[in-house]
Amino acid sequence: MKKILVTGGSGLVGKQLTRILEENKSEVSWIGRSKKERPHHQKYNWDVENGSIETGWLQNTDTIIHLAGAGVADHKWSDSYKKEIYESRIKSTKLLHDTLSNNNHSVKTLVCASAIGIYGNNCPKSTDETFPAQSNFLAKVCDDWEKEAIKFELLGIRVVIIRVGIVLAKEGGFIKAISAPAKWGLGAAFGNGKMITSWIHINDLCGIFMKAGNDPNMRGSYNAVAPNPVSNKQITKAICHAIHRPYLLPNIPAFLLKLALGEMASMILANQNISSKKIVKAGYTFVFNHVEEAITDVII
Ligand SMILES: NC(=O)c1ccc[n+]([C@@H]2O[C@H](COP(=O)([O-])OP(=O)(O)OC[C@H]3O[C@@H](n4cnc5c(N)ncnc54)[C@H](OP(=O)(O)O)[C@@H]3O)[C@@H](O)[C@H]2O)c1
């Protein structure tokens with residue numbers, strides 16, 4: 001039985017990943033921020049800001065799956081919230097690294113989340129993992145996060161970085177954000193609607209995290225996006241169709257989004273046509289290849 005420590009396990013991806021890992025007979029524990037009552041899986045607490053961490057997992061973990069970080073779409077990007085988005089990822093990775101380097105442990109593998117945001121807001125068609133990190137805010141967060149993760153290799157730990165696309169899931173994230181207004185007949189694409197969205201069904205993402213943990217041949221960075229990215233207009237139409245609501249409105253203009261969301265609008269308006277070739281070549285077979293079937297699955 002594999003023993004897996006998940007950081008940020010209480011989040012959208014972490015909860016589903018935990019379910020799937022347990023169905024596959026792994027033993028999962030979470031390390032997270034302290035809560036009045038610890039959820040069932042959260043055996044360990046940490047305080048990333050102050051650098052404190054419980055260490056009972058050190059001798060009891062084969063693989064760390066590191067998902068923790070302040071949500072990039074949870075709040076408008078004030079300077080202080082941008083600092084939290086950045087530091088929650090960088091400091092938590094450093095805290096894990098320092099804890100492992102200062103103690104005896106059983107950890108063999110780190111699987112660390114990152115995002116396709118590393119490629120910037122407008123990247124070429126079929127961008128693959130060799131495309132350089134860009135310099136906008138989210139790209140810098142991802143790049144610095146990955147640089148901290150790679151340092152675990154020097155501790156003899158295999159490192160796999162998963163550059164996550166837009167996650168389609170029942171419980172929240174993109175689908176919830178778009179389908180809420182669409183339910184009121186307010187489904188509309190953003191900007192010119194032509195920007196490409198590289199999406200992934202949450203179960204495929206969890207499958208990729210599991211494969212990364214189990215496959216000794218995987219090392220370095222992999223895009224986690226389905227093989228068929230679509231335009232923002234196509235994905236919004238597919239959501240309206242799945243919830244039987246009209247797609248009638250004109251697109252929401254980019255300037256309105258920028259007024260409402262500030263710098264965060266750049267993330268929504270990003271044009272990201274990302275390649276899944278490397279993860280497919282590594283042996284992962286997608287269950288959800290087309291956006292309509294993925295959306296129908298998460299909405300129904
Ligand atoms: N969902 C997507 O579409 C998407 C796309 C690209 C990349 N990603 C990346 O994949 C990872 C998982 O995504 P997700 O959607 O599951 O995220 P999520 O729902 O926002 O969950 C992230 C978890 O991180 C922990 N966290 C939040 N703020 C923190 C802080 N200030 N310091 C330390 N920990 C903090 C929380 O766990 P505790 O409360 O248990 O500590 C939270 O449940 C994230 O790093 C995200 O950036 C997600």
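The values are calculated or read from the model by the stated rules, or taken from the named source; none is laboratory data. Note that the structure is predicted; figures quoted are calculated from it, not measured. Every residue, glycine as well, gets a Cβ built from its backbone with ideal geometry; the counts of neighbours run over all protein chains shown. These accessible areas exclude ligands, DNA and RNA; they are computed on the full protein's heavy atoms, side chains included. Shrake-Rupley method; radii C 1.70, N 1.55, O 1.52, S 1.80 Å.
Annotations
- Residue-averaged [θ]222 nm for the chain, counting only DSSP H segments that reach four residues, each worth -39500 (n - 2.57): -11000 deg cm²/dmol
- Point-charge dipole on Cβ atoms (K/R +1, D/E -1) for segment 38-136, about Cα centre, debye to 20: 100 debye
- Treating r as the C-beta distance of LYS91 and LYS281 and R0 as 41 Å, the FRET efficiency rounds to 0.75.
- Folded to 0 to 90 degrees: helix 232-242 orientation relative to the chain principal axis, Cα: 90 degrees
- Between helix 174-183 and the chain: long-axis angle, C-alpha atoms, 0 to 90°, nearest 10: 30 degrees
- Against the chain, whose longest principal axis is taken from its Cα atoms, helix 137-150 shows a tilt of about 30°.
- For segment 98-207, the dipole from Cβ point charges (+1 on Lys and Arg, -1 on Asp and Glu) about the Cα centre works out to 380 debye, to the nearest 20.
- Cβ-defined net charge surrounding THR285, 11 Å radius [Lys, Arg +1; Asp, Glu -1]: 0
- With an a/c value of 1.5 or above and a/b larger than b/c for the gyration tensor axes a ≥ b ≥ c computed over the alpha-carbon atoms, the chain is described as prolate.
- Inter-centroid distance (Cα atoms) of segment 241-300 relative to segment 78-112, Å: 29 Å
- Simple spin-label estimate for ARG19 and ASP144 in nanometres, 7 Å along Cα-Cβ: 3.5 nm
- Placing unit charges on each Cβ (+1 for Lys and Arg, -1 for Asp and Glu) gives segment 61-208 a dipole about its Cα centre, and among HIS66, ALA188, ILE200 the Cα reaching farthest toward its positive end belongs to ALA188.
- Beta bridge orientation in the chain: antiparallel %, DSSP, nearest 5: 15 percent
- Across LYS108, LYS2, the residue with the most accessible area heads the list, and the full order at a 1.4 Å probe is LYS108, LYS2.
- Cut-off under 5 Å, modelled amide H: who pairs with ASN271 long-range: ASN122, CYS123
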